[in-house]
Amino acid sequence: MGTDAGVRVLVPVGESSTLRKTVAYAVRSARESAEESGEHAVVHFVYPALWRAVEPTRVEKFEQAEELLGRVERWAAEDLGVDEEDEEPATSAVSVETAVVGADEYLFSPADFARVLLGYAREHDLERVVVDPEYQPGGNAPMLRPLEYELTKSDLAVEEAPVERATRRGALVGRESLPKYLLVFGTSYLFYLALGGFSGLFDVVTGAISAGVVTAVLGTVVLKGEPDFRRLPGELARLAVYTPYLLWEIAKANVSLAYVILHPRLPIDPKMVQFEAAVWGDLPATTLANSITLTPGTLTVEVSQREFYIHALTDSSRDDLFDGALERAVRFVFYGREAASIPSPKERDATAGAEEVRSEQEARAGSTSSAEEAEE
């Protein structure tokens, strides 16, 4: 990194109890570095997007991200001694930039978040990352340590802000998380009763105990963020439509696989295939992965970034997979009818291939024109 690049710092942001202190530390350390080196410092506060264009709440989530970045800017201005109503003086040693990144990406794993952040860092020639010790890009999932590890694979200096963390209280269920725990408890309870039956008091009591244990152990990791009860009825109604459709697909796949097994030549052709699925969020991705596994002939082996790795036993099972019927149905459940019209994996691959061919042709045409100009 050249010395003329100045002091350039990247700070990933999200709602956390130590965000305010992290902002203060990042601004203060950047100002100290700028004063020591005599160079101007820029601190980039970046919010990785967790929504997709087809999500019904995308506008609301974007507004929340913008509101958080606005708060960060005000905090930084306070720490720099700049009045909110006045523009930051041109002679200030530190300036602040904010951005929402990854809106067109599928951010699922720590590697996904790191890829987007590192891309932004390269684009803006950044040299250092300051990480909030309570930052969790994946909601409640513990992703901070893996994210830091992915970031350290680059040339960036990665530092965790040395700020004091608030003491964690012992309350199991906070007021803000009560809807989430109630939803997990209710879902677990109904599932237990559906499997065991409603035969008597014993099932009712043991079901409540089992659901309580599940809620206590998994309540903080089952859902990211708070459930949106306004969307829940619609999703449940579409899920009720999806369930018999999935059962029909499973039945068809069973018949097809039984024919293959009973065929004297056993016409199987097992292969590993991969495709980019147009579903976003943990629950939709998990639903699609499990639906593929439940359908005989295909098995979800891994979900990484935007790619699903599937073991397919026959050509017909691969064709059904790339036709995208299950993917389209899952999008319908979680995002509504509008999202169901997104092209299938086969159609997306064909479009991408056509664009690649066109780019190569344009590149050849450009090189030919340059050669002719050079000859002239």
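Bear in mind these aren't lab numbers, they're just calculated from the coordinates by the rules spelled out. These numbers come from a predicted model, not from an experiment. When we count neighbours, we look across all protein chains shown, and the Cβ atoms used for this are built from the backbone with ideal geometry, even at glycine.
Were the residues from residue 349 through residue 124 laid out at 0.36 nm apart, the gain over their Cα-Cα distance would be 77.9 nm.
When you count the other C-beta atoms within 10 angstrom of each residue and take the mean per peptide, 229-242, 285-298 line up highest first as 285-298, 229-242. Under 22 Å of direct C-alpha separation, and excluding same-chain neighbours fewer than eight residues apart, residue 61 reaches these lysines: 180, 224. At full extension, residue 263 and residue 64 could sit 65.9 nm farther apart than now, given 0.36 nm per residue minus the alpha carbon distance. Spin-label model, residue 78 to residue 182: label points 7 Å out along the Cα-to-beta-carbon direction sit 3.3 nm apart. Label-to-label distance, residue 71 versus residue 36, with points set 7 angstrom from Cα along the beta-carbon direction: 3.1 nm. Rounded, prolate or oblate for the range 227-275? Axes are the square roots of the Cα gyration tensor eigenvalues, ordered a ≥ b ≥ c, and the cut-off for rounded is a/c under 1.5. Note, shape of the range 227-275 comes out oblate. Projecting the Cα atoms of 284, 245, 272 onto the dipole axis of the range 232-349, where Lys and Arg carry +1 and Asp and Glu carry -1 at the beta carbon, places 245 farthest toward the positive end.
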